[in-house]
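Please read the structure below before turning to the comments.
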Amino acid sequence: MTILKLFGVILILGAGASAVSFSVRFEKRKIAVLAGWIDLIRYIRAQVDCYPLPLPQILERADHALFESCFCRHPTPDLTTIYHASQIYLDAEAKRLLSSFVREFHYETRAELLRRSDYYAGELGRLREKRMEEFTAKSRVIFAVCMGAAILISILLW
């Protein structure tokens, strides 16, 4: 009977460790998606600055690694598709910024597009830096909560 209890404790602690791993990877993806969006906005800005092309042609010419860094696997995405694909990894402030960018990008002059691209890339950059600073503390809290819960459950079931 003791061996079964010990096996159960090991399984519960393993589940806690898996929860820590999943949660920390999710937080890393949130930061990576912000970085992907910053790269995509900078790419679009550079293309708008150099070539008088409409947005669909700019996105067709883009490397698919840019889209995959935003967790969009669609073969020919537009900004709305990319936004919806990465929405699960965005917090409220990033969603607000990116939805404004996606909504406002189509209706402006070239100079206004460049100005807005600079603004949104800068704001997302600041948000990414803030998230990176919070990451260490968040990962420690995640570890403490998940493993603490696993240890507590193990003690209660022993």
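When the residues of segment 1-20 are filtered to those that are of a type in the set (V, I, T) and open to solvent by 50 Å² or more (accessible area, probe 1.4 Å), the one that is nearest to the chain's Cα centre (by Cα) is I10.
On the stretch given as segment 48-90, residues that are touching a residue at least 60 places away in the same chain (Cβ under 8 Å) and either more than 17 Å from the chain's Cα centre (by Cα) or farther than 18 Å from A32 by Cα (or both) total 2. In segment 21-34, the condition of being of a type outside the set (A, V, I, L, M), open to solvent by 60 Å² or more (accessible area, probe 1.4 Å) and touching a residue at least 24 places away in the same chain (Cβ under 8 Å) is met by at least one residue.
Of all residues in segment 105-144, those satisfying the criterion of being of a type outside the set (D, E), surrounded by 14 or more Cβ atoms within 10 Å (Cβ to Cβ) and within 30 Å of P56 (Cα to Cα) are F105, L113, L114, R116, S117, Y119, Y120, A121, L124, G125, L127, R128.
Considering every residue within segment 13-34, establish whether at least one is out of contact with any Lys or Arg (no Cβ under 9 Å at 6 or more places or on another chain), under 26 Å from G122 (Cβ atoms) and aromatic (F, W, Y). Yes, segment 13-34 contains at least one residue that is out of contact with any Lys or Arg (no Cβ under 9 Å at 6 or more places or on another chain), under 26 Å from G122 (Cβ atoms) and aromatic (F, W, Y).
For segment 67-86, filtered to residues that are in contact with a Pro (Cβ under 9 Å, 6 or more places away or on another chain) and assigned to a helix (DSSP H, G or I), the residue that is surrounded by the most Cβ atoms within 10 Å (Cβ to Cβ) is F67. In this structure, is V48 open to solvent by less than 20 Å² (accessible area, probe 1.4 Å), among the hydrophobic types (A, V, I, L, M, F, W, C), part of a helix (DSSP H, G or I) and touching a helix residue (DSSP H, G or I) at 6+ places or on another chain (Cβ under 6 Å)? For V48, the condition - open to solvent by less than 20 Å² (accessible area, probe 1.4 Å), among the hydrophobic types (A, V, I, L, M, F, W, C), part of a helix (DSSP H, G or I) and touching a helix residue (DSSP H, G or I) at 6+ places or on another chain (Cβ under 6 Å) - is met.
Kindly provide the set of residues from segment 91-123 that are touching a residue at least 40 places away in the same chain (Cβ under 8 Å) and under 21 Å from V24 (Cα atoms), ordered by number.
Taking segment 91-123 first, the residues touching a residue at least 40 places away in the same chain (Cβ under 8 Å) are 91, 94, 98, 101, 105-106, 110, 113-114, 117-118, 120-121.
Result: D91, A94.
The values are calculated or read from the model by the stated rules, or taken from the named source; none is laboratory data. As the structure is a computational prediction, the values presented were derived from the model and not from experiment. So basically every Cβ, Gly included, is an ideal-geometry build from the backbone, and we count neighbours across all protein chains shown. Keep in mind that these areas ignore ligands, DNA and RNA; they rest on the heavy atoms of the full protein, side chains included. Shrake-Rupley method; radii C 1.70, N 1.55, O 1.52, S 1.80 Å.
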